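S.K.: After the structure tokens below, expect a handful of questions from me.
The values are calculated or read from the model by the stated rules, or taken from the named source; none is laboratory data. None of these values were measured; they are calculated from a predicted model. Here the Cβ is made from the backbone with ideal geometry for all residues, glycine too, and neighbour counts use every protein chain on show. Heads up: the accessible areas ignore ligands, DNA and RNA and are worked out on the full protein's heavy atoms, side chains in. Shrake-Rupley method; radii C 1.70, N 1.55, O 1.52, S 1.80 Å.
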Amino acid sequence: MPQLRPLSARRLLGAAPTLLIATVLATPMAAEAAAIELYSSGHETLLCRVEYTSRRGGHFVAYPGWRWVLSLGETRYELGSLYAAPDGDSPQFHSLTLRCVRRDQMIVGETPSPDEASYSLELKRLDPVWMVPILGAGDWTRQLPRNGTVVSFVLGATGLPREPLRILQMSMSEDWIKPHWELNYDLGDHAYRLVADAMDDSGF
């Protein structure tokens, strides 16, 4: 199980935080493509996939589709190319959807059955969760998935039948050789829960 980390910007390569964050956000990423990592907390056994839409209306399923998400380590999904603008923006990105099925245990096969309940959460481009503070500047900046970054989510149980999962923690880091910079998103008081999908619109 991953250790839950403080909700603050940290591990900024030992440089002055304000100067370094400003430099990072203004510099295009060296690595190509964008990625998502999912973790499960506690004893949750999940089968998940990641979907995203472009600002032109295209809908995509991140590679490799449905995968097990356990507490043993991260599960990685490749979004593919999302252009990173020089100012740190991600102009092509519109929304990201996390979609999961809960299981009692791992079983053979990685495809949900048609009658199996799934739960999802869509994070749109303008959702406040993407905003992070620039330390010392008194300002905020939107940090969206883009080339050279990996956005990580820790998912956990809520105890609610129709909304059984929620985001416990969310961070972005440079998808490159360590050590690298890392930013933690502040979820605030909002409960980012995965809600039950309609059975005829569950994305299978």
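S.K.: With Ala157, Ala117, Ala191 as the choices, which residue is farther than 19 Å from Trp68 by Cα, of a type in the set (A, V, I, L, M, F, W, C) and more than 13 Å from the chain's Cα centre (by Cα)?
M.R.: Ala191
S.K.: For Ile107, only one of the following conditions fails: (1) touching a residue at least 24 places away in the same chain (Cβ under 8 Å); (2) over 24 Å from Val132 (Cβ atoms). What is its number?
M.R.: The one condition Ile107 does not meet is (1).
S.K.: As an exercise: evaluate Leu70 against (1) under 17 Å from the mean Cα position of the chain (by Cα); (2) surrounded by 16 or more Cβ atoms within 10 Å (Cβ to Cβ); (3) at pLDDT below 90 and give the number of the one condition it does not meet.
M.R.: Just one mismatch for Leu70, condition (3).
S.K.: Kindly indicate whether Asp127 is out of contact with any Lys or Arg (no Cβ under 9 Å at 6 or more places or on another chain), open to solvent by 10 Å² or more (accessible area, probe 1.4 Å), closer than 17 Å to Met172 by Cβ and free of Cβ contacts under 8 Å to residues at least 12 places away in the same chain.
M.R.: On the way: out of contact with any Lys or Arg (no Cβ under 9 Å at 6 or more places or on another chain): yes; open to solvent by 10 Å² or more (accessible area, probe 1.4 Å): yes; closer than 17 Å to Met172 by Cβ: yes; free of Cβ contacts under 8 Å to residues at least 12 places away in the same chain: yes.
For Asp127, the condition - out of contact with any Lys or Arg (no Cβ under 9 Å at 6 or more places or on another chain), open to solvent by 10 Å² or more (accessible area, probe 1.4 Å), closer than 17 Å to Met172 by Cβ and free of Cβ contacts under 8 Å to residues at least 12 places away in the same chain - is met.
S.K.: Now for a different question. Look at segment 86-100 and say how many of its residues are open to solvent by 10 Å² or more (accessible area, probe 1.4 Å) and either in contact with a His (Cβ under 7 Å, 6 or more places away or on another chain) or at pLDDT below 95 (or both).
M.R.: 3
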